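All remarks here apply to the structure that follows.
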């Protein structure tokens, strides 16, 4: 049983956790600093290879890899596996940022550059720091968290603008209707905030959106 600090009612070894957190930052920076033109792909770990969105993710990242982009995922199953498979099969860099959670998430076999994290916030920073686009496939709570955090960081100018692309119009349709019918109607966001992200079902358009964004930035 851990001893408690009587003043704060915390385990006495709690401050040492800082060093574990620091080590995750250092490992992440050292491992990923050489990445070029990386894009992060988010989506459900639950979807199987026979799911249409799995196939869509695999095709999309294959095209991105052929266009010279590295692909970063959470390193698990489902959409993450599909995205890593597409990149790996196309000869691209396939990065997996795996998270240690009680329900074990094993890294998928298509990751060519693996990293493991205990802390979600460190892992999230790696996605943000090394990505030139966020591509969001159908998913659950975790995917929504990653999507809305990316919008918040861009909206508040904590990061430079970059492409945020929702893939799967049918899947995201209800959420879009709710955002427009609630957020915009109640004026909790501005009309211009809807321009932070785009939506498509076309893998080629995903690549075009990302390429076009950075071509415009050069000019």
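Scanning the stretch 45-63 for residues that are closer than 10 Å to residue 81 by Cα and not in a helix (DSSP H, G or I) gives 45, 47, 48, 49. The listed residues are 173, 158, 169, and the only one of them that is closer than 24 Å to residue 31 by Cα, modelled with pLDDT of 95 or more and out of contact with any helix residue (DSSP H, G or I) (no Cβ under 6 Å at 6 or more places or on another chain) turns out to be 158. Out of the stretch 35-57, which residues are under 20 Å from residue 127 (Cβ atoms) and free of Cβ contacts under 8 Å to residues at least 60 places away in the same chain? Answer for the stretch 35-57, where residues must be under 20 Å from residue 127 (Cβ atoms) and free of Cβ contacts under 8 Å to residues at least 60 places away in the same chain: just 36. Of all the listed residues (38, 57), the sole one being surrounded by 24 or more Cβ atoms within 10 Å (Cβ to Cβ) and touching a strand residue (DSSP E or B) at 6+ places or on another chain (Cβ under 9 Å) is 57.
Checking each residue in the stretch 28-44 for being assigned to a helix (DSSP H, G or I) and within 18 Å of residue 110 (Cα to Cα) picks out 31, 32. Only one of the listed residues (115, 166) is on the phi < 0 side of the Ramachandran plot, outside any loop (DSSP other than H, G, I, E, B) and under 13 Å from the mean Cα position of the chain (by Cα). That residue is 166.
Mind checking whether some residue in the stretch 101-111 is in contact with a strand residue (DSSP E or B) (Cβ under 7 Å, 6 or more places away or on another chain), farther than 17 Å from residue 166 by Cβ, surrounded by fewer than 22 Cβ atoms within 10 Å (Cβ to Cβ) and modelled with pLDDT under 95?
Filtering the stretch 101-111 for residues in contact with a strand residue (DSSP E or B) (Cβ under 7 Å, 6 or more places away or on another chain) gives 105, 107-108, 110-111.
After this cut, where a residue has to be farther than 17 Å from residue 166 by Cβ as well, the list is 105, 107-108, 110-111.
Add one more test, that the residue is surrounded by fewer than 22 Cβ atoms within 10 Å (Cβ to Cβ), and what stays is 105, 107.
Adding the requirement that they be modelled with pLDDT under 95 leaves 105, 107.
Scanning the stretch 101-111, I find at least one residue that is in contact with a strand residue (DSSP E or B) (Cβ under 7 Å, 6 or more places away or on another chain), farther than 17 Å from residue 166 by Cβ, surrounded by fewer than 22 Cβ atoms within 10 Å (Cβ to Cβ) and modelled with pLDDT under 95, so the answer is yes.
Restricting attention to the stretch 198-212, the residues being touching a residue at least 60 places away in the same chain (Cβ under 8 Å), under 19 Å from residue 161 (Cα atoms) and out of contact with any strand residue (DSSP E or B) (no Cβ under 7 Å at 6 or more places or on another chain) number 2. Of all residues in the stretch 179-201, those satisfying the criterion of being more than 22 Å from residue 153 (Cβ to Cβ) and over 24 Å from the mean Cα position of the chain (by Cα) are 181, 185, 186. Here residue 199 meets the list (1) over 18 Å from residue 72 (Cβ atoms); (2) in a helix (DSSP H, G or I) almost entirely, failing just condition (2). Within the stretch 64-75, being assigned to a helix (DSSP H, G or I) and farther than 20 Å from residue 97 by Cα holds for one residue alone: 66. The condition (being part of a loop (DSSP other than H, G, I, E, B) and surrounded by fewer than 22 Cβ atoms within 10 Å (Cβ to Cβ)) is satisfied by just one residue among 123, 132: 132.
Looking across 78, 68, one residue alone is more than 15 Å from the chain's Cα centre (by Cα) and on the phi > 0 side of the Ramachandran plot. It is 68. Across the stretch 142-158, not a single residue is classified as touching a residue at least 40 places away in the same chain (Cβ under 8 Å), farther than 19 Å from residue 51 by Cβ and part of a loop (DSSP other than H, G, I, E, B).
The values are calculated or read from the model by the stated rules, or taken from the named source; none is laboratory data. Keep in mind that this is a model prediction, so the values were computed, not measured. Don't worry about glycine lacking a Cβ; one is built from the backbone with ideal geometry, like all the others, and counts go over all protein chains shown.
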